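Undergrad: Below is a structure I'd like to ask you about.
The values are calculated or read from the model by the stated rules, or taken from the named source; none is laboratory data. In this text the structure is predicted, and so the values were computed from the model without any measurement. Cβ placement follows ideal geometry from the backbone for every residue including glycine, while neighbour counts extend to all protein chains displayed. All accessible areas refer to the heavy atoms of the entire protein, side chains included, with ligands and DNA or RNA removed. Shrake-Rupley method; radii C 1.70, N 1.55, O 1.52, S 1.80 Å.
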Amino acid sequence: MTINVSELLAKVPTGLLIGDSWRDASDGATFDVENPATGETIATLASATSEDAIAALDAACAVQHDWARTPARQRAEILRRGFELVQERAEEFATLMTLEMGKPLAEARGEVTYGNEFLRWFSEEAVRLYGRYGATPEGNLRMITTRKPVGPCLLITPWNFPLAMATRKVAPAIAAGCVMVLKPARLTPLTTQYFAQTMLDAGLPAGVLNVVSGKSASAISNPLMDDNRLRKVSFTGSTPVGQQLLKKAADKVLRTSMELGGNAPFIVFDDADLDLAVEGAMGAKMRNIGEACTAANRFLVHESVAEEFSRRFAARLEEQVVGNGMDDGVTVGPLVEQKALDSVSALVDGAVSDGAEVVTGGARGSGNGYFYLPTLLNNVPRDAQILKEEIFGPVAPVVTFKDEADAIRLANSSEYGLASYVFSQDMSRIFRVSDQLEFGLLGVNTGVISNAAAPFGGVKQSGMGREGGLEGIEEYTSVQYLGIRDPYADQ
Ligand code: NAP
């Protein structure tokens, strides 16, 4: 299907979704959205003020009571209808993501499939929110536990997966019966704006989902988090911003879900199938131009196979085509903005001056966009900055290890604990190593593990809470326990 870009952009609401209408900001302010492949402005949106944020919370709170009492089946069917509409509009969503974020169109289509699955998954989970029934050990009380919607939520999403990060929060909140105010990333709000309109088209009652895009994130989040009516913050983004939000959340003792940064080790043991390892490395490193929290950040390879692994991996990286993600054949798009390009470039330059060897890449690409060449670095010193920070770009630093204990020590030597990858053909080694790895997610002989049916989330400074799976909906509920005097208690 060929999409007419100007017609598509004209369909995307440019206002703030507050209650039943898209409106201008209270002070008339706007901000521009840019295409990172060309540097051109592609849209201008209303920029929410603090007053707009509170108006959005007012609209949400006005319907919380009725929404919580809407039968689960009805909420499930709205989600299912949303899933079908996103599927019908898949090519439009994919095009929007490529335009505003830069990922190649084929990957953007993949994100539509992945992101939309949260709507289908939680449409199925909405009717399966079970409680428990039992008796106290002393026999004096009957116990019933139920799960209730946690209440009005603030959802804050990042720019790297503009659809999936929104559906991963909005779908379970709808399923659980919560109302919400959603703040998309300033760099990529268009997909979210169109998604919110799609949910209205699917029959979501006005007020349940409100969207406040804007150029000042804290002007939106601070007044909301100071408001006693807000009950939860679900945030996906960087660890430093997550830490700030956690401190702020303490003031009102808000429930929080924090999906933060990562620094994934990708461990290749000497018994690994190297074909699988290289295939996995391409997925774990190059998906989303390396701009993923799950991106392999440190390639830890046994010294006996390192040379062969690097040779094959570099050959695959050299086959990649860098360019505008809208163009046929392009497999690596631009980074999201100039700051991101400068940061990736500085990390590579720093590693090289510390002694790393550039096997391939190691330089910016040409053109107006924020391009960086797929890069492989060998002999990276163990204390190099590039191994400590999220690279968030198409750069693979390789470090060799001597034995299993060395690999585990290296892998765990990070304050992050989100994704990790292990390549080995030895099942006992896989279990032994996974027991010792301090990460919320572990890919075994695969480089791509995200799935709506799986609980996604980290440990250590990668955050708390889980999205997706059976766990995802629980984040939007609180347990209520009823202790009922047992009729036989006094007999
Ligand atoms: P970011 O700078 O932390 O921004 C994330 C979101 O928070 C954006 O909507 C941003 O708004 C907002 N924000 C920024 N400063 C804020 C503040 N002081 N108060 C309230 N909100 C604020 O992260 P990013 O650069 O968009 O995303 C990349 C990061 O997200 C990486 O660290 C990546 O690992 C992480 N991530 C984690 C997961 C996961 O599931 N664990 C998934 C995807 C991404 P503006 O856009 O307006 O700045």
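Undergrad: Region 107-158: which chymotrypsin sites (Phe, Trp or Tyr not before Pro) are DSSP loop and have at most 16 other beta-carbon atoms within 10 angstrom?
TA: Those satisfying the criteria are Tyr130.
Undergrad: Which loop-located GluC sites (Glu not before Pro) does region 312-408 contain, where loop means any DSSP state but H, G, I, E or B and the Cβ has at most 10 other Cβ atoms within 10 Å?
TA: Taking region 312-408 and a limit of 10 other Cβ atoms within 10 Å, the loop GluC sites (Glu not before Pro) found are Glu319.
Undergrad: Additional query: Ignoring ligands, DNA and RNA, what percent of the accessible area of region 152-269 is carbon or sulfur (1.4 Å)? If you can, show how the numbers build up before the last one.
TA: Details: 1450 of 2710 Å².
On region 152-269, the fraction of accessible area on carbon and sulfur atoms equals 54 percent.
Undergrad: Starting from the Cα-Cα distance between Thr2 and Trp22, subtract it from 0.36 nm times their residue separation and give me the gain in nm to one decimal. Please report the intermediate quantities before stating the final value.
TA: Values: separation 20, 0.36 × 20 = 7.20 nm, distance 2.78 nm.
Separation in residues times 0.36 nm, less the Cα-Cα distance, equals 4.4 nm.
Undergrad: Taking amide H positions as placed in the peptide plane 1.01 Å from N, state which residues far from Ser213 in sequence (5 or more) or on other chains have amide H under 5 Å from it.
TA: For Ser213, the qualifying residues are Leu17, Ala48.
Undergrad: For region 127-141, list residues with backbone N below 14 Å from a point placed 7 Å from the Cα of Ala489 toward its Cβ?
TA: Within reach of a label on Ala489: 135-141.
Undergrad: Still on this structure, please answer the following. For the chain, with the dipole built from +1 on Lys and Arg beta-carbon atoms and -1 on Asp and Glu ones, taken about the Cα centre, which of Pro487, Val12, Asn35 lies farthest toward the positive end?
TA: The residue sitting farthest along the positive end of the dipole is Pro487.
Undergrad: Right, next: When only C-alpha pairs under 8 Å and at least 6 residues apart count, what is the relative contact order of the chain, in percent?
TA: Reported relative contact order: 18 percent.
Undergrad: With point charges of +1 on the Cβ of Lys and Arg and -1 on the Cβ of Asp and Glu, referenced to the Cα centre of region 228-286, which listed residue (Val253, Thr239, Phe266) lies farthest in the positive direction of the dipole?
TA: Comparing the listed Cα positions along the dipole, Val253 ranks first.
Undergrad: To continue, here is another question. Summing +1 for each Lys or Arg and -1 for each Asp or Glu, what net charge is found among the other residues whose Cβ lies under 13 Å from the Cβ of Val330?
TA: In short, -3.
Undergrad: Now, a different point. Would you mind estimating how fast the chain diffuses translationally, via Stokes-Einstein at 20 °C and 1.002 mPa s with the Kirkwood radius over Cα pairs, in µm²/s?
TA: The diffusion coefficient I find is 91 µm²/s.
Undergrad: Something else: Taking only DSSP H segments of four or more residues, each worth -39500 (n - 2.57), what value at 222 nm results for the chain once the sum is divided by all its residues, to the nearest 500 deg cm²/dmol?
TA: After summing the helix terms and dividing by the residues of the chain, the value is -12500 deg cm²/dmol.
Undergrad: Could you sort out which of Lys232/Lys285; Lys339/Lys402; Lys103/Lys252; Lys215/Lys248; Lys339/Lys388 sit more than 30 Å apart by Cα distance in this structure?
TA: The answer is Lys232/Lys285; Lys339/Lys402; Lys103/Lys252.
Undergrad: Let's test the formula: R0 of 30 Å, r as the Cβ-Cβ distance of Ala405 and Ala217. What FRET efficiency results, to the nearest 0.05?
TA: Values: r = 43 Å, r/R0 = 1.42.
Computed FRET efficiency for Ala405 and Ala217: 0.10.
Undergrad: Residues of region 152-243: accessible area per residue at 1.4 Å, in Å²?
TA: Per residue, region 152-243 has 20 Å² of solvent-accessible surface.
Undergrad: Can you give the charge dipole size of region 264-444 about its Cα centre, rounded to the nearest 20 debye, using +1 on the beta carbon of Lys and Arg and -1 on the beta carbon of Asp and Glu?
TA: Values: 14 positive and 28 negative charges, 47 e Å.
Taking the Cα centre of region 264-444 as origin, the dipole is about 220 debye.
Undergrad: Considering the options Ala25, Gln385, Leu341, tell which one lies farthest towards the positive end of the dipole of the chain, charges being +1 on Lys and Arg and -1 on Asp and Glu at the Cβ, about the Cα centre.
TA: Farthest towards the positive pole: Ala25.
Undergrad: Related question: What are the membrane-span-like helices in the chain by this rule: whole DSSP H runs, Cα extent along the axis at least 15 Å, mean Kyte-Doolittle hydropathy at least 0.0?
TA: Helices meeting the criterion: 50-69, 90-101, 164-176, 274-286, 338-353.
Undergrad: Sticking with this one: Antiparallel as a % of all DSSP beta bridges within region 264-444, to the nearest 5? Present the calculation step by step, with values, prior to reporting the outcome.
TA: Working: 4 of 24 bridges.
If I count the DSSP bridges inside region 264-444, around 15 percent turn out antiparallel.
Undergrad: Determine the dipole magnitude for the chain: charges of +1 sit on the beta-carbon of Lys and Arg, -1 on that of Asp and Glu, nothing else is charged, the reference point is the Cα centre, and the result goes in debye to the nearest 20. Walk me through the intermediate numbers first.
TA: On the way: 45 positive and 62 negative charges, 329 e Å.
With Lys and Arg at +1 and Asp and Glu at -1, about 1580 debye.
Undergrad: A further question follows. Using a simple spin-label model with points 7 Å from Cα along the Cα→Cβ vector, what separation in nm is obtained for Asp342 and Arg429?
TA: The modelled label-to-label distance comes out at 4.4 nm.
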